Amino acid sequence: MMKPKLLTTLPGYTRALFLQDALAGVTVAMVALPLSLAIAIASGADPAKGLVTAIVAGFLISLLGGSRVQIGGPTGAFIVVVYGVIAEHGYDGLVIATLMAGLILLAGAFLRAGNLIRLVPEPVINGFTIGIAIIIATSQLKDGLGLELSEVPAEFTAKLAALWEARETFSTPSALIALGTMILIVLFRRAAPKLPGLIVAIACTSAIAVLADLPVDTIQSRFGDLPQTLSWPEMPDVTFARLAELLPSALVIAFLAGVESLLSAMVADRMIGGHHRPNAELLAQGAANIGSSLFGGMPATGAIARTATNIRAGGKTPVAGLIHAVTILLVMQIAAPMVGYMAMPALAGLLILTAWNMSEPQKWRGYLSDRKSDVGLLLLTMVLTVLADLTVAIGVGVALGLALRLQRRSIPPSDWSDPDR
């Protein structure tokens with residue numbers, strides 16, 4: 001079934017429900033705002049692209065999605081892919097790849113492939129998630145430590161070498177801002193988990209940096225003023241050669257968007273005792289990525305952290321997600337100059353903490369207690385993600401994982417006779 005959950009929840013919708021959804025939507029927007037900026041910057045894009053993605057894709061995912069409480073937008077899982085596509089094909093190449101990924105997801109929804117994505121082996125998902133977390137964390141060391149580097153290599157080992165060579169440019173103020181941001185975020189999450197402590201933490205450390213005139217970069221000093229309006233939708237310049245060139249990247253984006261959104265929806269189901277519609281979710285992800293690309297945005301998917309925040313803040317229906325997107329648009333129109341004062345080390349601290357949470361360290365012991373083949377598959381996927389390429393990691397991991405799953409089944413021996421040729 002591809003009927004959006006919004007249509008299911010609107011009959012009988014009350015003023016009390018709207019107030020709950022409105023409070024949750026505003027709360028999630030305050031969490032999504034700095035995350036969207038940080039993810040865009042870490043991906044090698046202009047920070048405004050993160051806001052565009054959160055607004056357009058976030059609205060469409062809630063409007064058309066198959067989950068009552070799913071919140072969509074740019075996520076950390078895409079940073080590695082997006083950074084690579086921009087570096088190799090330019091930002092216009094990313095826009096085309098995102099548009100293609102949206103079309104692939106739409107095709108998957110109409111072919112009812114929503115349930116098939118669940119067949120991806122869990123060790124593969126865990127392996128590339130940990131691998132992505134490692135890459136994200138190392139990519140933020142430059143800003144978090146205030147290192148002076150003209151260019152950071154994309155390749156992992158070369159990046160570590162470049163960071164080590166720049167160690168003498170270490171900036172104590174930048175490191176303190178990054179560390180202070182992480183500490184405040186953790187304290188707010190423990191003391192007041194329902195409040196948007198993330199935005200408060202970043203606002204506090206950024207204010208300290210500005211008022212004390214610390215030698216740290218801000219969004220405005222590095223990227224200039226943020227736009228205060230959305231651009232008009234525009235079709236990218238598409239050629240057959242360009243489509244063929246970007247198809248592998250589009251397939252990876254579509255795969256990640258599908259897996260991440262359905263994982264997030266399943267987590268939400270467990271939290272609220274509900275049941276999402278996987279094919280409606282794929283349809284929404286497809287529409288969201290097409291919409292994001294037309295507005296010049298980035299790839300998007302369901303975000304587990306923001307979805308959980310929505311639930312904890314009292315969100316009950318997709319209306320909360322719609323309000324979250326509208327709130328970010330209003331902030332963009334009214335307070336863009338203030339957002340520009342966010343300190344780069346503060347955003348780096350946010351992403352380092354996000355990477356740590358992505359890796360789910362509380363589950364590592366459980367992973368190691370699994371059967372040896374699953375542990376090996378997880379480690380292989382993780383290493384390939386970090387040292388090789390995400391496309392290779394997913395391809396090898398899924399193929400090997402499905403082979404192991406077939407091997408474990410009790411398959412009766414064949415009674416075929418040798419062919420007489």
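The values are calculated or read from the model by the stated rules, or taken from the named source; none is laboratory data. What you see is a predicted model, and the numbers here were worked out from it, not measured in a lab. Glycine also receives a Cβ, built like all others from the backbone with ideal geometry; neighbour counts cover every protein chain displayed. These accessible areas exclude ligands, DNA and RNA; they are computed on the full protein's heavy atoms, side chains included. Shrake-Rupley method; radii C 1.70, N 1.55, O 1.52, S 1.80 Å.
For this structure, a couple of remarks:
- The residue of the stretch 104-115 that is farthest from residue 290 (Cα to Cα), among those that are in a helix (DSSP H, G or I) and more than 19 Å from the chain's Cα centre (by Cα), is 110.
- Residue under evaluation residue 12, criteria (1) among the small types (Gly, Ala, Ser); (2) open to solvent by 30 Å² or more (accessible area, probe 1.4 Å); (3) not in a loop (DSSP other than H, G, I, E, B), criterion not met: (3)
- Hey, residue 104 closer than 30 Å to residue 350 by Cα and among the aliphatic types (A, V, I, L, M) or not: no
- Qualifying residue in the stretch 272-295 (condition: outside any helix (DSSP H, G or I), out of contact with any helix residue (DSSP H, G or I) (no Cβ under 9 Å at 6 or more places or on another chain) and over 30 Å from residue 169 (Cα atoms)): yes
- Checked against (1) farther than 21 Å from residue 295 by Cβ; (2) not in a helix (DSSP H, G or I), residue 247 passes all but condition (2).
- Between 97, 87, the distinction of being part of a helix (DSSP H, G or I), open to solvent by less than 10 Å² (accessible area, probe 1.4 Å) and of a type outside the set (Ser, Thr, Tyr) belongs to 97 only.
- Residue match in the stretch 298-314 (condition: closer than 30 Å to residue 216 by Cβ and in contact with a Lys or Arg (Cβ under 6 Å, 6 or more places away or on another chain)): yes
- The residues of the stretch 104-126 that are at pLDDT 80 or above, closer than 24 Å to residue 367 by Cα, out of contact with any Gly (no Cβ under 7 Å at 6 or more places or on another chain) and surrounded by 19 or more Cβ atoms within 10 Å (Cβ to Cβ), listed by number, are 125, 126.
- Among the candidates 369, 373, the residue that is hydroxyl-bearing (Ser, Thr, Tyr), open to solvent by 10 Å² or more (accessible area, probe 1.4 Å), without any contact (Cβ under 8 Å) to a residue 24 or more places away in the chain and over 15 Å from residue 140 (Cα atoms) is uniquely 369.
- Residue 392 being at pLDDT below 90, farther than 21 Å from residue 41 by Cβ, among the β-branched types (Val, Ile, Thr) and over 20 Å from the mean Cα position of the chain (by Cα): no
- Of all residues in the stretch 32-84 being among the β-branched types (Val, Ile, Thr) and out of contact with any Leu (no Cβ under 7 Å at 6 or more places or on another chain), the one that is surrounded by the most Cβ atoms within 10 Å (Cβ to Cβ): 71
- The C-beta contact set for the stretch 345-356 (first residue touching a residue at least 40 places away in the same chain (Cβ under 8 Å), second residue open to solvent by 10 Å² or more (accessible area, probe 1.4 Å) and among the aromatic types (Phe, Trp, Tyr), distance under 9 angstrom, 6+ apart or interchain) is empty.
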